[in-house]
Amino acid sequence: MRTQRLPGLPKVLRLHGRTVRVRLTALYGVLFVVSGAVLLALASGVVVARSSSSQASPAPTPGQAVPGSALAQAQDRVQALRAQLQNLQSQTPSPAGQDRLSHQLLIASLIALAIMTVISVALGWLVAGRALRPVREMTAAAQRISEDSLHERLASRGPQDELKELGDTIDGLLERLEVAFNAQRRFVANASHELRTPLTTMRAAIDVALAKPEPAPPQTVALAERLHTELDRIERLLEAFLVLARAQHRPMPGQAVLPLDYIVGSALADQAAAIRAMDLTVQDSSGQGGAWVAGSQALLSRMVENVIDNAVCHNTPGGWIAITTRAGGGGARLVVENGGQVLDQQQVTELCQPFRRLEADRVGTDKGSGLGLSIVASIAEAHGGTLDLRARPGGGLRVCVSLPAAAATTSAAVPAGVSA
């Protein structure tokens, strides 16, 4: 579907790449110059026409009259007036002088037109800025409003004109967006909770079937194990949905000041079995960074767990993982690098989106659901941080999570559930 452009100014009067204020000011100036030039042309035409008509009109020739009569007296009076007129004409400039005077008058008029053009452009700039002030205020307010502050409104003030109507329309749009975002978050959370009940029932039914006194056929045992595996995957997916919904929800519960090195140690302890199974070498330099962050303990722990789990799952047997935490410049960083195959940077950048996986990971079913790094990005963003993914030239991935640093407190105990 092609977008239709509304008719506007001619191409000659358009200034592409300029602000509306500049375009309005230029339009005021062009219109003033054109109208002034037309006015000067009309005035010059009138002066030339009057001068030509006065020079072309012939003087009346008197007829013969009887001396002493009234007609003769009138003719004498006319002769006297003609003599006075000739005397006045002798004092007036010559045609060449009149042309020079007209030329000087034209130059002075053009100078006056240039001065008034500058003044009109300056006045047009002020008037355009005054007229566009409500638009600038609405733009600044709209830029402040984000996904986390959809409850705010522009609340445009002023008369009920087109700008007020535009502000009210944007407020209505923000209200509908707020309702849609809240409904989406509630749906994800409620659906994840509600789906856990049938999953628990299915798992219990399988366990009951396998716990009967008589031995179950081998096909039934194999099917039960496969169902258990799939149910575990579904539960992990639902848990990921819950974490993602909580990361996008404001305000976040459980605010605390946490050391990143302890969170990393806890995540490595949880992944110890998987690390041994793949014979991975872990270079942990997190204890030397002294990086502390403030936020939700549950969400930050899940963020670090997902980053390390991604480094373990998407690695090669006998590979390596390097973990570093450091603080500086008002921020705290967690950098996790792992070896592996050479990746495409464009595909790596898209891993922050939900359900995005590399082409090689889509073949198997044990490479996750594609929500791990998107959850990391959401949690980092919820804490005022960022996630940066880079494909390493030698193969593998570099994950860098940047968060606002918090002041370390020696009096605070290590948070519960976090161990070195």
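The values are calculated or read from the model by the stated rules, or taken from the named source; none is laboratory data. A quick note: this is a predicted structure, and the numbers were derived from the prediction, not measured. Note that we place each Cβ from the backbone using ideal geometry, even for glycine, and neighbour counts take in every protein chain shown. When the accessible area is computed, the model is the full protein with side chains, heavy atoms only, and any ligands, DNA or RNA have been set aside. Shrake-Rupley method; radii C 1.70, N 1.55, O 1.52, S 1.80 Å.
Report the residue count in region 290-334 for those that are free of Cβ contacts under 8 Å to residues at least 40 places away in the same chain and within 14 Å of LEU258 (Cα to Cα).
Looking only at that region, the number is 1.
Here are some residues: ARG333, ARG326, ARG302, ARG250. Which one is at pLDDT below 85, among the charged types (D, E, K, R), within 38 Å of the chain's Cα centre (by Cα) and open to solvent by 40 Å² or more (accessible area, probe 1.4 Å)? Before the answer, list the steps.
Details: ARG333 fails: at pLDDT below 85; ARG326 fails: at pLDDT below 85; ARG302 fails: at pLDDT below 85.
Going through ARG333, ARG326, ARG302, ARG250 in turn, just one is at pLDDT below 85, among the charged types (D, E, K, R), within 38 Å of the chain's Cα centre (by Cα) and open to solvent by 40 Å² or more (accessible area, probe 1.4 Å): ARG250.
Mind telling me which of the residues ALA128, ALA155, ALA189 ends up being in a helix (DSSP H, G or I) and either out of contact with any helix residue (DSSP H, G or I) (no Cβ under 6 Å at 6 or more places or on another chain) or over 30 Å from LEU238 (Cα atoms) (or both)?
Checking each option against the conditions leaves just ALA128.
Return the only residue of VAL282, VAL264 being under 35 Å from the mean Cα position of the chain (by Cα), surrounded by 12 or more Cβ atoms within 10 Å (Cβ to Cβ) and modelled with pLDDT of 85 or more.
Details: VAL282 fails: under 35 Å from the mean Cα position of the chain (by Cα).
Residue meeting the stated conditions: VAL264.
I need the full set of residues from region 371-408 which are of a type in the set (Ser, Thr, Tyr) and either open to solvent by less than 20 Å² (accessible area, probe 1.4 Å) or in a helix (DSSP H, G or I) (or both), in order please. Walk me through how you get there before you give the answer.
Taking region 371-408 first, the residues of a type in the set (Ser, Thr, Tyr) are 374, 378, 386, 402.
Across region 371-408, the qualifying residues are SER374, SER378.
Listed residues ALA128, ALA155; which is surrounded by 15 or more Cβ atoms within 10 Å (Cβ to Cβ), touching a residue at least 12 places away in the same chain (Cβ under 8 Å) and of a type outside the set (S, T, N, Q)? I'd like the intermediate steps shown before the answer.
Values: ALA155 fails: surrounded by 15 or more Cβ atoms within 10 Å (Cβ to Cβ).
Just a single option satisfies the conditions, and that option is ALA128.
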